[in-house]
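The values are calculated or read from the model by the stated rules, or taken from the named source; none is laboratory data. None of these values were measured; they are calculated from a predicted model. Using ideal geometry, Cβ is built from the backbone for each residue, glycine included, and neighbour counts are taken over all protein chains shown.
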Amino acid sequence: MARTPVLVLFAQEWDRLALEDPRLARRFEFHYAGFDLFRFPENARLLTLNVRRYIDRLVAKCRRLGISAVVSAHEQFGALIAAVVAQRLGLPGPDPRGILTAQHKYLARQAIGRVLPDAVPPYAAFPFTVQHAEEIGLTFPFFVKPVKATFSVLARRVDSFAELRRHLRFRPFEQHIIKRLVRPFNDLLHDHLDCEVNAHYLIAEGLIEGMQLNVDGYAERGRIRILGIVDEIMYPGTMAFNRFEYPTSLPGPVRERIARVAEQSLAAVGFDHGLFNIELCYDPVRDRITVVEINPRLASQFLTLYEWVDGIRLYEIALDLALGVPPRCEPAPQAHGHAASFIFRRFDGKPVHPEPSRAQLRHVAERHPEARLMLYFKHGSDLAREMKWLGSHRYAVLNLPGRDLADLYASYRDIRDLLGFHAHSGPEPAPLWPWQPGLALQHGGGGAP
C-alpha cells in the first residue's frame, strides 16, 4: 500500500523520535525541511533566510512531491510557515491569522481580554528602543518579554527602568541575531494582519502569582477538545522549568475551570485547526486563573508523557488533522499512571564536567529502557549566550514514566545519580498540589524549558 507523503518542517529531536515509530513509517512517507536554530552550521542559514521566498520554494516542492499534509511543532518558524504553506496548497490547516494572533503576545492579550478580562494581567507594549520609563505605560516592577520570542529568550522580571535598560543592552552581533530571529514573523505579520506593534516591540505585564500549568488539546475546524493538563514546576526562586508532570495533581473542579478558560482563549485568538498547548497560572489564594501564553502547536517534549499515561499519540492526532481526518484519540488504561519530563540546568555559567561516559549512558539504558534522555552540553560562546538570554543553561532533558509518583521519583533519582547530575539537579521532586505558600511564583509568563 502506498504511503501518504507528508512534509515535516523544522523537526527537532523529540519530533524525529516520534516520527521514527514503525507504526507511522508504515503509513507515511516523511519529507523534512528546515534547519536547527541552535546547532552550527545549520543555524547560519538564519542570517540569509527570506521567509517569502522560502515558502515559495516549499510550495513548489510540495507540488512536485504530491504532498498531502504539512505539519510542524516548531515554535519560532515552523508552525506559522506550515500554516501558510498548507493554505497556499489548499490543504487542511490552521488559519495563519490565528497562528499570528496567538504567537503575538500583545494581540493575544487584547483578544483574550475582550472575552476573559479577569484572565489577563495589566499589560503594555513598547519598542526595544524605549528611552524613558513614561513611554511604557506600566509601573515597575513588571515582567518583560518580546512580543514574539522562543524559549522565553529575554523574558524576566525587572524592578526599575535602569534594570530594563541593562537587560536590553546588546553587542552589535547579538542585535543582528535578534533582528534576524524576528524578521520572518514580521514579514508574515505584514502579509496577513494589519498591526503596527510588530516583533521589534516588547510587552510589559503585571506580575502573576501562583502555580503554572500547561493545557494540551486540539482544534478541529473550530471545535476544541482538551486532552490533558500538565503541572509545570520551576527551580525555586527562578522562572526556569525544573520539570513537567502529567497528569496534573490539581483537584477536578479546578481542572474543569482551567479547561474552560483554555477553550475560550483559543476561540478568542481564532486558532481553528491543529494541536495547541496553553500555559496558564492558577492562584490558589485568589482562586484566579490567568492565561500566560498560547502556543499554537503540539508540545513535542510531552509526546511520551501522553503516550505512557493515556496511550494517546499526539503526532497521530497532528497527522490526522493535517489530512482533514477526524482524530482517533480516546485514552486507554496504561501500565503507567504518571510521567514527567525533568530538565537539568546550571545557573552558575559553568559547563557540565565531567560529561557522562558511554558506560554511564549504557548503564542507564539497561536499567531504565523506557527512559528518553536528550543531552545539550554547551561550551564557549553558545553557553555564554544562553546564560545571558535565559539566566541558566539547560544541559539535559529526561522523560520518564512511573507506575505512581513514588516509582517515578525513585527512577528519576536513580538515573540522576548514575549520570552524575546530582549536584545540579534542583530540588527533590514533590507534587505541585496540595499547594504550599512557599511554592508561590511571581512572574508574567513562560519560562525557560
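Please list, ordered by first then second residue, the pairs with beta carbon atoms under 6 Å, 6 or more apart or interchain, first in the range 119-131 and touching a residue at least 60 places away in the same chain (Cβ under 8 Å), second among the charged types (D, E, K, R) and outside any strand (DSSP E or B).
Taking only residues 6 or more apart or on different chains, the pairs are V120/R109; Y123/R109; F126/E135.
Among the residues of the range 332-351, what is the count of those that are under 24 Å from the mean Cα position of the chain (by Cα) and in contact (Cβ under 8 Å) with a residue 60 or more places away in the chain?
Number of matching residues: 11.
Is it fair to say R358 is basic (K, R) and either assigned by TED's automatic domain parsing to the domain that holds V71 or surrounded by 23 or more Cβ atoms within 10 Å (Cβ to Cβ) (or both)?
no
Kindly indicate whether any position in the range 112-130 is outside any loop (DSSP other than H, G, I, E, B), modelled with pLDDT under 95 and over 27 Å from S392 (Cβ atoms).
Looking through the range 112-130, at least one residue is outside any loop (DSSP other than H, G, I, E, B), modelled with pLDDT under 95 and over 27 Å from S392 (Cβ atoms).
Could you list, in sequence order, all residues of the range 362-418 that are β-branched (V, I, T) and either assigned to a helix (DSSP H, G or I) or surrounded by fewer than 18 Cβ atoms within 10 Å (Cβ to Cβ) (or both)?
V364, I415
Does any residue of the range 113-124 turn out to be more than 30 Å from E256 (Cβ to Cβ), outside the structural domain of A44 (by TED's automatic domain parsing) and either of a type in the set (A, V, I, L, M, F, W, C) or buried (at least 20 other Cβ atoms within 10 Å of the Cβ) (or both)?
yes
Which one of these is at negative phi, within 20 Å of the chain's Cα centre (by Cα) and not in a strand (DSSP E or B): L58, L100?
Being at negative phi, within 20 Å of the chain's Cα centre (by Cα) and not in a strand (DSSP E or B) holds for just one of L58, L100, which is L100.
On the basis of being in contact (Cβ under 8 Å) with a residue 12 or more places away in the chain and either in contact with a Phe, Trp or Tyr (Cβ under 6 Å, 6 or more places away or on another chain) or not in a strand (DSSP E or B) (or both), does L189 make the cut?
Yes, satisfied.
Filter the range 75-92 for residues that are crowded, with 20+ Cβ neighbours inside 10 Å and either assigned to a helix (DSSP H, G or I) or at positive phi (or both) and give the result.
G78, A79, L80, I81, A82, A83, V84, V85, A86
On the given criteria, is V182 at pLDDT 85 or above and in contact with a helix residue (DSSP H, G or I) (Cβ under 6 Å, 6 or more places away or on another chain)?
no
Need the failing condition index for E330 against (1) modelled with pLDDT of 95 or more; (2) under 28 Å from L250 (Cβ atoms); (3) exposed (fewer than 15 other Cβ atoms within 10 Å of the Cβ), just the number.
Going through the list (1) modelled with pLDDT of 95 or more; (2) under 28 Å from L250 (Cβ atoms); (3) exposed (fewer than 15 other Cβ atoms within 10 Å of the Cβ), E330 breaks only (1).
Please determine whether any residue of the range 157-170 is crowded, with 20+ Cβ neighbours inside 10 Å and in contact with a Gly (Cβ under 9 Å, 6 or more places away or on another chain).
no
In the range 289-332, which residues are under 23 Å from S265 (Cα atoms) and of a type in the set (V, I, T)?
Hits for the range 289-332 are I289, T290, V291, V292, I294, I317.
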